[in-house]
Amino acid sequence: MHDDGKVILRYRDGSTERAVVAVIDAVNEMLNVTHDHDSESQQVPFSALKAVFFPRTVPEEQLEEPSGSLIAVEFADGEVIRGTASYNPSASGFFLFPLDRSKNERIFVVRSAIASIEVEKL
């Protein structure tokens, strides 16, 4: 399987760290991760996270075609990422497929870290 679970965690305080994601628990708003240096699982609350970036592991032509609406997500820190998503305002997070997928296949966006979302016209 090409997806080995390695991710980049981006925190609301601006810090980042590499980890291996085991479970994204949207119901309890918790992420279960492990780190290379420690085999013990850790829980990271959504309230500490901005987003989880899934680095691209396959050639661009093998990426799944995203479905949903073209949106612009503005985070509380001012960063804007554009991409395709099936956004549900009542969900605690959602997957965004960035327009530029040269580095990341997809991004799990934590809804509470968002300042605004705009649906863009095609």
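Of the conditions (1) without any contact (Cβ under 8 Å) to a residue 12 or more places away in the chain; (2) surrounded by 11 or more Cβ atoms within 10 Å (Cβ to Cβ); (3) under 17 Å from G5 (Cα atoms), E40 fails just one. Which one is it?
(2)
Does F75 qualify as being without any contact (Cβ under 8 Å) to a residue 24 or more places away in the chain and under 20 Å from V7 (Cβ atoms)? It would help to see each step written out before you state the result.
Details: without any contact (Cβ under 8 Å) to a residue 24 or more places away in the chain: no; under 20 Å from V7 (Cβ atoms): yes.
No, not satisfied.
Mind telling me which of the residues V23, V27 ends up being of a type in the set (A, V, I, L, M) and either in contact with a Phe, Trp or Tyr (Cβ under 6 Å, 6 or more places away or on another chain) or outside any strand (DSSP E or B) (or both)? Working first, answer last.
Values: V23 fails: either in contact with a Phe, Trp or Tyr (Cβ under 6 Å, 6 or more places away or on another chain) or outside any strand (DSSP E or B) (or both).
That would be V27, the only listed residue that is of a type in the set (A, V, I, L, M) and either in contact with a Phe, Trp or Tyr (Cβ under 6 Å, 6 or more places away or on another chain) or outside any strand (DSSP E or B) (or both).
Yes/no per residue for (1) under 17 Å from E29 (Cα atoms); (2) crowded, with 19+ Cβ neighbours inside 10 Å; (3) in contact (Cβ under 8 Å) with a residue 24 or more places away in the chain:
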{"position": "V80", "(1), (2), (3)": "no, no, no"}
{"position": "A85", "(1), (2), (3)": "no, yes, yes"}
{"position": "P89", "(1), (2), (3)": "yes, no, no"}
{"position": "S92", "(1), (2), (3)": "yes, no, yes"}
{"position": "E105", "(1), (2), (3)": "no, yes, yes"}
{"position": "A113", "(1), (2), (3)": "yes, yes, yes"}
{"position": "E118", "(1), (2), (3)": "no, no, yes"}
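Just checking, which of S90, S116, S39, S67 is in a loop (DSSP other than H, G, I, E, B), out of contact with any Ser or Thr (no Cβ under 8 Å at 6 or more places or on another chain) and among the hydroxyl-bearing types (S, T, Y)?
On the way: S116 fails: in a loop (DSSP other than H, G, I, E, B); S39 fails: in a loop (DSSP other than H, G, I, E, B); S67 fails: out of contact with any Ser or Thr (no Cβ under 8 Å at 6 or more places or on another chain).
On inspection, the qualifying residue turns out to be S90.
If you check R56, R12, R101, which single one turns out to be in contact with a Lys or Arg (Cβ under 7 Å, 6 or more places away or on another chain), closer than 13 Å to I114 by Cβ and either modelled with pLDDT of 90 or more or not hydroxyl-bearing (S, T, Y) (or both)?
Selected residue: R12, the only one of R56, R12, R101 that is in contact with a Lys or Arg (Cβ under 7 Å, 6 or more places away or on another chain), closer than 13 Å to I114 by Cβ and either modelled with pLDDT of 90 or more or not hydroxyl-bearing (S, T, Y) (or both).
Among the residues of region 1-20, count how many are assigned to a strand (DSSP E or B) and either among the polar types (S, T, N, Q) or more than 15 Å from the chain's Cα centre (by Cα) (or both). I'd like the intermediate steps shown before the answer.
Within region 1-20, the first condition is being assigned to a strand (DSSP E or B), and the residues that meet it are 6-11, 16-20.
Now narrow it down to the ones that are either among the polar types (S, T, N, Q) or more than 15 Å from the chain's Cα centre (by Cα) (or both): 16.
Count: 1.
Which residue is surrounded by the fewest Cβ atoms within 10 Å (Cβ to Cβ), if the candidates are limited to region 43-64 and must be part of a strand (DSSP E or B) and of a type in the set (F, W, Y)? Break it down into steps so the answer makes sense when it comes.
So the first thing to find is which residues in region 43-64 are part of a strand (DSSP E or B), and the list is 43-45, 49-55.
Restricting the remaining residues to those that are of a type in the set (F, W, Y) gives 53-54.
Details: F53: 20, F54: 17.
Taking the candidates together, the pick is F54.
Select from region 65-78 the residues that are in contact with an Asp or Glu (Cβ under 9 Å, 6 or more places away or on another chain), surrounded by fewer than 17 Cβ atoms within 10 Å (Cβ to Cβ) and aliphatic (A, V, I, L, M) and write down the one among them that is nearest to E17 (Cα to Cα).
In this case the residue turns out to be A72.
The values are calculated or read from the model by the stated rules, or taken from the named source; none is laboratory data. It should be emphasised that the depicted structure is a prediction, and the values quoted were computed from it without experimental measurement. Counting neighbours? That spans all protein chains shown, and the Cβs are built from the backbone with ideal geometry, glycine included.
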